[in-house]
Every structure is written in C-alpha cells, then in structure tokens.
Amino acid sequence: MNCYKCGTVVDNLNTCPVCGSDLHVYRRILALSDAYYNDGLMKAQVRDLSGAIRDLKMCLKCNKYHTDGRNLLGLIYYEVGEAVKALAEWVISKNLQPENNRVDIYLDELQNTPGLLDGVSLTIKKYNQALDYCRQGNRDLARIQLRRVLGQNPKMVAAHQLLALLCIQDGEYEEARKALSAANKVDARSTTTLRYMIEVKEGLKAKESNKKKKKKKDDIISFTDGNETIMMPNNGNKFIDWLDNSRNSIINIAIGLVIGLLICFILVVPTVKQKAQTDAANALVDANEEVAGTSSSISTLKNQVKTLQDELAKYNGKGDVATSYDKLIEGYNAYKSGDIKKATECIKVVNADVLDVNGKAIYDEVIKPVNEYTMRESYNKGNTAYKQQKYEEAITEFITVVTIDPSYQNGNALYYLADSYAKLNDIANATKYHQMLVQFVPNSRWVKQSKEYLTSVNAAIPDPVVNTTGNNSTNNP
C-alpha cells in the first residue's frame, strides 16, 4: 500500500513515515471499497446484475483506482447490452492503469472482431429510433424497431423492458410476459423488470376473471314468468340439431355459404390487412433508417472535410512539426550568437501551434527580440518609403509594425499608415487606422490630426433626402 499523499510505500503502518499523513481512515475506505467489490462479484455470479452494478459503483466511489471493480463493471454493462458504458469504463481503466491490466484483452477483442463495433453502433441507433417512435406515439413502429434491436442484441435488457412496456400499454400481457422473461434471464433482479412483471400478472389476472364471468353468463339463460325469475342452462346444441334434422338442404347450403363468407371476412380479410399494415410499417422503418443513415453519413463526411480543412489551414505555409522544431532550434542558436536577422528568418517559418511546452518556452524567449527587430526594420523602411511618397511600399511595412504593436513609436507607425492610405485616396482604410490611433494611442501627438481627418470625412458624407415619390435618394457630393 502507498501513501495517498506522497506515494511512499507504507506497508502496515497507520502513519506515513515521510509526510506524516494519518492512514487509518484511508485504510478503512480501501477496505470498504474491497467489500463493495466482493458483494458486486457475488451478485454478478447469481445474475443479480442490477445489484452488482450498484455495488461496483460504490466500490469505485470509494476508490476510483480499483481496477478489478471497474473492469467487472464494464463486463456487466456489456452483458446487459450497454456497450457504450462498458467501453467508457474500460477506457478509463486503461488510462488509470496502463500496464498489467486485463482490460487490454477486452479492448483487443472488440477492436479485432470484424464488424463488432459497427454492430454496436447500429444497435444503439435503432434503439434510439425506437425511443423517438415512442415519443411520437408510433408504438407499432417502435415495437418493430425493438424486435430488430433484439434480433441483433438479444441481451439488451433495456430493449426487452421497453418492448414489454409497449405491450402492456396495448393490453398484450402475454407478449409482455415473454419479453420480461427474456430480460429476467439476463438480469434476474432488475427492479424495472420486476415492477413490470407485477403489472403483467395483474393484467392477466383481470383478463382471466373477465373471461370466467362472461362464460358463466353465457352458460345460463334467465327470464321472468309473472313474479318469478326462472334460470335454466343454455342448450347451445338446438340450432345444430335443427340443422341436422332439417330436410331443407337448400337452406343448409345457403347457411353454409353465409358462414363461409363470414369466416372469410372475419378471419382472412383482417389477416391480409394486418400483413399489409405490417409490411407498410416495416417499409417505413427501413426508409427512416436509410434516411437517418444517409444524413449521418453526410454529416460525418462534412465533419471530416471541415476537420481536414482546419488542419490544412493550420499547417499551410508554416511547415510540419519537424520543420518547425528545426527552424526553432536554428533560430534560437542564431539569437544566442547575436545574429538576430537570421533568427527572424527562422522564427517566421515556425508554427507555434505544434510546439510542446518546452518548445513554446523557447519560442516565447526568442519571439520578443525578433519582434523588436522586425518592427525596427519595417518602421525604418516604411518611413523612408513614406518620405519618398512611395505610399504602397510604406503601407506594406507599416502594416507589419502595427500588427505586432499598434502603439509603436507612440503611434507614429499607425499615423503614417493611415496617412499613406489617405494619400492614395483609400478613405475606408484611412478612416479605420485613424480611428485605431484615437482609440488605442490617445496620448500620441498625432491624435489631433486624426480627429481633424475623421471630422472632415464625416462632414463630406451627404445626408439622405426623401423625394416626393417615396423613393429614397441622396444628394450628390
């Protein structure tokens, strides 16, 4: 056993010899976790899976590092058809204990079994579709979908229970009993299954009672003779005897034809209609699945395209990971040797997003002097071009400066950039950078000139005029 605070091996000691932590309560918590695990294991052995899940959750609540408890919980989830929950527990177990963990066997089996994960995903989609049908009130479609789910995963307890609930709502208690019996074979002590079974037994009992009352009523004929009520057994064979003893064969044939037609309409026609309705429902379910699958595929492909585009935009023009690290090291060495120009050229190629913590620390150390060098060089080039009235070249250099630091040289670069745009009659960009100067460098000596420029631009904008025809027009400047 290790100390929970410093990790020192403490064996049977109740106090850590290194940090002095009291381990008495900690030992009791670990013992309680083991007790819950043992209870869960015993319940799992007798197929009380619901009780086992509760105990194993308490085991992990006391000790999240209880690997055997977490692995067993995943196995139980998988047994009852909750494959997603099982995978979640196994992945957590693998992360908490990467080595000597039996969960590797389970994960390898899932990954190496062809089509297993795809089948799990398809089953979950169908079950969710059945839930949607239930919410929409389409119980027939929901039952068809649930039977398909159980055809793929017969141990999915939740699907058995939902199917039983739908049968109870439709008054089909015998079908509900079969579904609950199947669920009970997987999880013998599920409270949901037991609660539904009570409802089924009460429904069957009430149905049987109604049958007995109806049969008793049909067996006795009662009539009133004066003030007396006479009850006598119902002799149901008189009509048959009359038919047998009748000499009128034509009537017998006619009655036979009528009975045949009635049987046809009562038995055959409803069966044909029911089959047609079932086929239509199956076709509708198949169509919904195809639409859902197509939508899911389209959505998945769109997400993949977006992810690839994001990755391309992230790495485009900045080189891959290896190039970034190579240039980072080369730039760092140049910076240390005093060759700031070469360091600047190297750092421009580095993609900071792909660097780890140590790489970003080196990058942050180099980027500051590189930025200072870049701003100084670009400002000098831009200033020279500005004086020579080469405003396009000046704009290129000054944009480099203000992108790094808008307040460079107390706003000089920002003002010269705005004025260069003004000289080229680019009012929109000139206004944009004059506004930036007023906002971000309020103490600059150029603020007054920027405000005057903005005022003159606003004064030059014509006010809208509405003519008498109702159409909007503006004055010409």
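The values are calculated or read from the model by the stated rules, or taken from the named source; none is laboratory data. Model, not experiment: these values are computed from the prediction. Because the Cβ atoms are built from the backbone with ideal geometry, glycine has one as well, and the counts that use them run over all protein chains shown.
Have a look at G51, G81, G7, G20 and point out the one that is among the small types (G, A, S) and in contact with a Pro (Cβ under 9 Å, 6 or more places away or on another chain).
When all the criteria are applied, what remains is G81.
Could you list all residues from the stretch 417-459 that are surrounded by 15 or more Cβ atoms within 10 Å (Cβ to Cβ) and outside any helix (DSSP H, G or I)?
Within the stretch 417-459, D426, V441, S444, W446 qualify.
Do you know which residues across the stretch 3-21 are under 17 Å from A31 (Cβ atoms) and surrounded by 13 or more Cβ atoms within 10 Å (Cβ to Cβ)?
C3, Y4, V10, L13
Do we have any residue at all in the stretch 129-140 that's more than 24 Å from the chain's Cα centre (by Cα), in a helix (DSSP H, G or I) and among the small types (G, A, S)? Quick ask: steps written out before the conclusion?
To start, the set of residues in the stretch 129-140 that are more than 24 Å from the chain's Cα centre (by Cα) comprises 137-140.
Filter once more, so that each one left must be in a helix (DSSP H, G or I): 139-140.
Next cut, among the small types (G, A, S) only: none.
No, every residue in the stretch 129-140 fails to be more than 24 Å from the chain's Cα centre (by Cα), in a helix (DSSP H, G or I) and among the small types (G, A, S).
Could you tell me whether the stretch 20-30 includes any residue that is assigned to a loop (DSSP other than H, G, I, E, B) and either among the small types (G, A, S) or out of contact with any strand residue (DSSP E or B) (no Cβ under 9 Å at 6 or more places or on another chain) (or both)?
yes
Take A385 and tell me if it is assigned by TED's automatic domain parsing to the domain that holds V441 and over 28 Å from N458 (Cα atoms).
Yes; evaluated as a whole, the condition is true for this residue.
Among N12, N38, which is the only one that is over 27 Å from V149 (Cα atoms) and part of a loop (DSSP other than H, G, I, E, B)?
N12
Has the stretch 95-102 got at least one residue that is closer than 30 Å to C3 by Cα, under 23 Å from the mean Cα position of the chain (by Cα) and not assigned by TED's automatic domain parsing to the domain that holds A158?
Scanning the stretch 95-102 turns up at least one residue that is closer than 30 Å to C3 by Cα, under 23 Å from the mean Cα position of the chain (by Cα) and not assigned by TED's automatic domain parsing to the domain that holds A158.
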